[in-house]
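Here's the structure, in structure tokens; my notes come after.
The values are calculated or read from the model by the stated rules, or taken from the named source; none is laboratory data. Bear in mind the structure is a predicted one, so any value in this text is a computation, not a measurement. No Cβ is skipped: glycine too gets one built from the backbone with ideal geometry, and neighbour counts run over all protein chains shown.
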Amino acid sequence: MKGFSSSPKTEFKIGSQINLGRVQSKETKIKISMSKKGRVSHRKGKKLSHATRLKLKQAMILRFKNKENHPRWKIDRTTLVMKQERNDSAYKDWRKQVWLRDNFACKIANPDCAGRIEAHHILGWSSHPELRYETNNGITLCHAHHPRKRAEEKRLSPYFQELVSVSK
């Protein structure tokens, strides 16, 4: 193939070749992947019979009968509790207080405002747990103005604090 040097070949095991124990060079692997582009599986659009579906279901039940074998099983169950914190009454009260203070409107009021309103923590939820339920640490933003990235959030934090201090 063009663009490849004649240096020693790096060997890879690929796809169905793993079960056969065959080893493919990098060049061969690229050739195989290029030849398969645009192909559709021979099973696409075909339905499984009722008996086959039952057999598959029974196999999965037996495989994951022991919960620890399931790929989504969490060994440390305490990590699941953290997801519930934003669903508790203290968080809901904080969000409502922020919305009431800002009159249920985006604080960056301009023609770009669109979508649902969101109560945003100016100083982050995880980095400042002591300020989680402080009304002055929140600001109401529309979905369009809500920061999508941490870097953007850090950059806008002083501006949000200024907007909140003006509304007091």
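The set of residues in the range 38-53 being surrounded by 10 or more Cβ atoms within 10 Å (Cβ to Cβ) and not in a loop (DSSP other than H, G, I, E, B) consists of THR52, ARG53. Among the residues examined, ASP112 qualifies as part of a loop (DSSP other than H, G, I, E, B) and either small (Gly, Ala, Ser) or within 28 Å of VAL166 (Cα to Cα) (or both).
Any residue at all in the range 127-142 that is touching a Cys at 6+ places or on another chain (Cβ under 7 Å), of a type outside the set (A, V, I, L, M, F, W, C) and modelled with pLDDT of 80 or more? Yes: one or more hits. On the stretch given as the range 108-123, residues that are modelled with pLDDT under 85, small (Gly, Ala, Ser) and touching a helix residue (DSSP H, G or I) at 6+ places or on another chain (Cβ under 8 Å) total 0.
Apart from one condition, ALA59 fits all of (1) out of contact with any helix residue (DSSP H, G or I) (no Cβ under 6 Å at 6 or more places or on another chain); (2) part of a helix (DSSP H, G or I); (3) surrounded by 11 or more Cβ atoms within 10 Å (Cβ to Cβ); the exception is (3). Please work out if GLN84 is modelled with pLDDT under 85 and farther than 21 Å from LYS149 by Cα. Taking the combined requirement at face value, the residue satisfies it.
Close Cβ contacts (under 7 Å, 6 or more residues apart or on different chains) running from residues in the range 141-153 that are within 18 Å of SER127 (Cβ to Cβ) to residues that are not in a loop (DSSP other than H, G, I, E, B) comprise HIS146/GLU118; HIS146/HIS120; PRO147/GLU153; PRO147/LEU156.
Within the range 84-117, if we keep just the residues that are surrounded by 10 or more Cβ atoms within 10 Å (Cβ to Cβ) and under 19 Å from the mean Cα position of the chain (by Cα), the residue that is nearest to GLU153 (Cα to Cα) turns out to be ARG86. Does the range 67-83 include one or more residues that are under 30 Å from TYR159 (Cβ atoms) and loosely packed, with under 12 Cβ neighbours inside 10 Å? Checked against the condition, which is being under 30 Å from TYR159 (Cβ atoms) and loosely packed, with under 12 Cβ neighbours inside 10 Å, the range 67-83 yields at least one hit.
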